[in-house]
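A.B. asks: What follows is a structure written as structure tokens; I'll ask about it next.
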Protein chains: 2
Amino acid sequence: MSWEENVRRVEPYVPGEQPKCDNVIKLNTNECPYPPAPGVEAAAHKLVADRLRLYPDTDATKIVDALATYYKVKPEQVFVGVGSDDVLSMVFLTLFHSDKPVLFPDITYSFYDVWAKLYDIPYECILLDEDFCIRKEDYYRPNGGIVIANPNAPTGVFMPLSEIEDILQHNPESVVVVDEAYVDFGATSALPLLEKYENLLIVQTFSKSRAMAGARIGFAIGSEKMIRYINDVKFSVNSYTMSFPVQEIGAEAVKDDAYFREIVDKMIRTREWTKEELSKLGFTFPDSYTNFIFATHRTERAEDIFSYLKSKNIYVRHFKKPRIDNYLRISIGTDEQMQILIDTLKEYLKC
Amino acid sequence: MSWEENVRRVEPYVPGEQPKCDNVIKLNTNECPYPPAPGVEAAAHKLVADRLRLYPDTDATKIVDALATYYKVKPEQVFVGVGSDDVLSMVFLTLFHSDKPVLFPDITYSFYDVWAKLYDIPYECILLDEDFCIRKEDYYRPNGGIVIANPNAPTGVFMPLSEIEDILQHNPESVVVVDEAYVDFGATSALPLLEKYENLLIVQTFSKSRAMAGARIGFAIGSEKMIRYINDVKFSVNSYTMSFPVQEIGAEAVKDDAYFREIVDKMIRTREWTKEELSKLGFTFPDSYTNFIFATHRTERAEDIFSYLKSKNIYVRHFKKPRIDNYLRISIGTDEQMQILIDTLKEYLKC
């Protein structure tokens, strides 16, 4: 016998490639092509290093308060973590402590089943329909919790709020998590439903629309009771997850709403232009409400297009998974980057 | 039935109080009284916010490489996390996946049993002897892993390396974690034993001797194989735990060895002075190899001293726990702060 027999073996989530060279057009991890609000850099440059010798505020009050004000909820309804991955990991560990399976779609954020396996949580993947839509009736069955990414990733498909509410109505005994990582790009948040449903939890992130993937800030908004449960587990893992520098700069990204709206609007306009151009080139895709487009080509294999683009230093995402292996997930960059993408695709397709 | 029935209920770890007012002498969470290396502030002030829009380096290469160079190990032997709490939490989750109990002392870092409970890991607390020392023979029994804080917290007691090695020799089938959060204040690290023992893992932190509690950086050094296992689980929880700002400033704290030695030496000198003064006032304590002193008074109750000091805006730590509830854990501050502490104690004791 060896110490290795006591090791928990897992197959970890593989994040999108982070190329280390500079001359790359990076459209593979849904990052924002614009910098964060100007106040963020200003706050970083004012950082007093002497404050670093002290532990940071355990409650991340600055960020929590900024979010509570922005979303018009109580600070006690906000949980902040090291990216929405940390938040969702805590949610799985805290709220899905049941023998019944947690339900989520077969095609969705590919971390959900990783957390379920890690924490020994039973789960069931529910097939999306042929158009990559969730059939709400599939969620009318006994379960230990429900997770819906809305808009969904990597498909970009948005489920109307009435259907989210329908699922909530049919599941008063389950926690329903709506992962709204991409909600700011034209979809509708389930936030107004919080008043009616204590079992609803909404998860969002600073990594996409707030241009701060590098800061690692995610958050959940829910009932005070649910946030308290998550915090209890969080304080059993790590009392201080949000570093002082990140707390200082994070709040700045929330306060500057004008800048936030400006960059989101720009990305939406670029997305709509990209949709038109991709259509002209023979691509089809579910209508996207996110900062990416999930596209397949009429005749060319996704994998071949992926390799060609990579050879031209354009990185998009290709998932070698059943049902979606002929699709590419293309993040929305700047107008200039998307023009280069379209030109490169034209070259490849010889249009 | 309600959604609350699926909630994992825990009793979370309660960190030391973080008073929000400024005119406090804070000797309750073992923070460093000096700022981090000058390069840290410089790096923060050079931060390019545009880089924040991208995900940070998943491998925290800058910090890992700086540590590997400093400790003369391979980068593949270094794991970095959000404080040593994050590192230890990952270690518990990854390496203690056994039906046999994990062993650690009854008086030690009070997070160990919190993680064990959270992750459903069986554990046994082994009594320290009357001098708060570990009896190595107590660890000659079947177990699912061993955790030893060395020097121990909150006692400050250091166990000689020969005894750590003895425990390793008796436990080739277990992972032996040596938590060296306080090792830099005059104790000896088990690092040289890594060459002989693949089952040894050493955990350290930037929060004490490196004056960066606010940055949340901890690390583990072990065999390449063990680090790979921990990383696999880490990547199943959160691909990106170390934010870009923290990666930028963290490496600077490791590179400036002269500054590091200077502040550590200062703290050791202050500790030795404080020991003498406390002795004169009727306190006794195990000899401390850390940046705190674990002291009890001949006649006065710890709780009363604690309350008096708090009323004078001096915060120390008091644990309401069996065997140690008549002790105070006093962090080492600046000379000036310790002088005020001693003066205040004199007032109270009417010396």
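What follows is calculated from the coordinates using simple rules that are stated; it is not laboratory data. Values in this document were obtained by computation on a predicted structure and should not be read as measured data. Cβ sites come from the backbone with ideal geometry, for glycine too, and all protein chains shown count toward neighbours.
A.B. asks: Return the Rg/Rh ratio of the range B:55-255 with Cα-based radii and a Kirkwood Rh.
C.D. replies: Rg/Rh: 0.94.
A.B. asks: Next question. What is the Cα coordinate range of the protein assembly as shown on the first, second and third principal axes, sorted by size from largest, in whole angstrom?
C.D. replies: If we take the Cα atoms of the protein assembly as shown, the spans are 88, 52, 49 Å.
A.B. asks: Here is a follow-up. Cut-off under 17 Å on the C-alpha distance; same-chain residues fewer than 8 positions from B:K280 excluded. Which lysines are left, in chain and number order?
C.D. replies: B:K346, B:K350
A.B. asks: Which residues' amide hydrogens lie under 5 Å from the amide hydrogen of A:I126, considering only partners 5 or more residues apart or on another chain, with H built in the peptide plane?
C.D. replies: Answer set, sorted by chain and number: A:F104, A:D106.
A.B. asks: Given an 8 Å cut-off on Cα distances and at least 6 residues of separation, report the relative contact order of chain A as a percent.
C.D. replies: Here the relative contact order equals 24 percent.
A.B. asks: Could you give me the ³J(HN,Hα) list for the range A:229-242, computed from phi with Karplus coefficients 6.51, -1.76, 1.60 and θ = phi - 60°, whole Hz, x at Gly and Pro?
C.D. replies: 4, 5, 4, 4, 5, 3, 6, 8, 10, 6, 5, 10, 9, 9
A.B. asks: What relative contact order, as a whole-number percentage, does the range B:248-351 give when Cα pairs under 8 Å and 6 or more residues apart are counted?
C.D. replies: 27 percent
A.B. asks: Starting at the first residue of the range B:132-149, write each ³J(HN,Hα) from the Karplus equation 6.51 cos²θ - 1.76 cosθ + 1.60 with θ = phi - 60°, in whole Hz, x for Gly and Pro.
C.D. replies: Residue by residue, the range B:132-149 yields 6, 9, 7, 9, 4, 4, 5, 9, 8, 8, x, 7, x, x, 9, 10, 10, 7 Hz.
A.B. asks: Next up: By the scheme Lys and Arg +1, Asp and Glu -1, what is the net charge of all other residues having a beta-carbon under 12 Å from that of A:F235?
C.D. replies: Overall, the nearby charge balance is -2.
A.B. asks: In the range A:31-125, which trypsin sites (Lys or Arg not before Pro) are in a loop and have at most 14 other Cβ atoms within 10 Å, using DSSP for the loop call?
C.D. replies: Hits after loop and neighbour filter: A:K46, A:K72.
A.B. asks: Excluding A:A251 itself, calculate the net charge of residues whose Cβ lies under 12 Å from the Cβ of A:A251, where each Lys or Arg counts +1 and each Asp or Glu counts -1.
C.D. replies: Taking every other residue near A:A251 into account, the sum is -2.
A.B. asks: Around B:I202, what is the net charge, scoring Lys/Arg as +1 and Asp/Glu as -1 over all other residues with Cβ under 11 Å from its Cβ?
C.D. replies: Neighbour charge sum, excluding B:I202 itself: -2.
A.B. asks: Note down the relative contact order for the range B:55-255 as a percent, whole number, built from C-alpha pairs under 8 angstrom at least six residues apart.
C.D. replies: Averaging sequence separation for qualifying contacts and normalising by length gives 29 percent for the range B:55-255.
A.B. asks: Moving on. Can you give the FRET efficiency for A:D129 and A:L193, using 1/(1 + (r/R0)^6), R0 = 22 Å, r = Cβ-Cβ distance, to the nearest 0.05?
C.D. replies: 0.40
A.B. asks: If R₀ is 41 angstrom, what is the calculated FRET efficiency for the pair B:K346 and B:D256, using the beta carbon separation as r and rounding to 0.05?
C.D. replies: 0.65
A.B. asks: Need one number: % antiparallel among DSSP beta bridges in chain B, to the nearest 5.
C.D. replies: Bridges in chain B that DSSP calls antiparallel: roughly 50 percent.
A.B. asks: Additional query: Loop only per DSSP, at most 12 neighbouring Cβ atoms within 10 Å: give me the trypsin sites (Lys or Arg not before Pro) in the range A:193-235, ordered by residue number.
C.D. replies: A:K196
A.B. asks: If you project the alpha carbons of chain B onto the principal axes, what extent comes out on each, in Å, largest first?
C.D. replies: Cα extents, longest axis first: 58, 55, 53 Å.
A.B. asks: How large is the dipole of the protein assembly as shown about the Cα centre if only Lys and Arg carry +1 and Asp and Glu carry -1, each at its Cβ, rounded to the nearest 20 debye?
C.D. replies: The calculation lands at about 780 debye.
A.B. asks: At 7 angstrom along the Cα-to-beta-carbon line, where would the label on B:K225 sit relative to the other copies? Give the distances in nm, shortest first.
C.D. replies: Copy-to-copy label distances at B:K225, shortest first: 4.9 nm.
A.B. asks: If you keep only loop residues by DSSP, which GluC sites (Glu not before Pro) in the range B:65-161 have at most 10 other Cβ atoms within 10 Å of their Cβ?
C.D. replies: B:E130
A.B. asks: Rg/Rh for the range B:221-321: what does it come to with C-alpha atoms and Rh from Kirkwood?
C.D. replies: Rounded to two decimals, Rg/Rh equals 1.14.
A.B. asks: Now for a separate question. Karplus couplings for the range A:105-122 from phi (6.51 cos²θ - 1.76 cosθ + 1.60, θ = phi - 60°), rounded to Hz, Gly and Pro as x?
C.D. replies: x, 5, 10, 6, 4, 7, 8, 4, 6, 5, 5, 4, 5, 4, 9, 6, 9, x
A.B. asks: A further question on this structure: Collect residues whose amide H, placed 1.01 Å from N in the peptide plane, falls under 5 Å from the amide H of A:F292; neighbours closer than 5 in sequence don't count.
C.D. replies: So A:F292 has HN proximity to A:I332.
A.B. asks: Is there a quick way to get the dipole size of the range B:55-255? I mean about its Cα centre, with the Cβ of Lys and Arg at +1 and of Asp and Glu at -1; what is the value in debye to the nearest 20?
C.D. replies: Dipole about the Cα centre, nearest 20: 500 debye.
A.B. asks: Determine the equivalent ellipsoid of the range A:145-228 by diagonalising the alpha-carbon gyration tensor, then write out the semi-axes as square roots of 5 times the eigenvalues, largest first, rounded to whole Å.
C.D. replies: 21, 16, 10
A.B. asks: So who's got an amide H within less than 5 Å of the one on A:T205, skipping anything under 5 residues away but keeping other chains? H placed 1.01 Å off N, in plane.
C.D. replies: A:F219
A.B. asks: How long is the gain from A:D287 to A:R269 if the chain were fully straight, where each residue apart is worth 0.36 nm and the alpha carbon distance is subtracted?
C.D. replies: Gain in length upon complete extension: 5.1 nm.
A.B. asks: Which of B:A181, B:L161, B:A66 sits closest to the plus end of the dipole of the range B:55-255, meaning its Cα is farthest towards the positive end, when Lys and Arg get +1 and Asp and Glu get -1 on the C-beta?
C.D. replies: Positive-most Cα among the choices belongs to B:A66.
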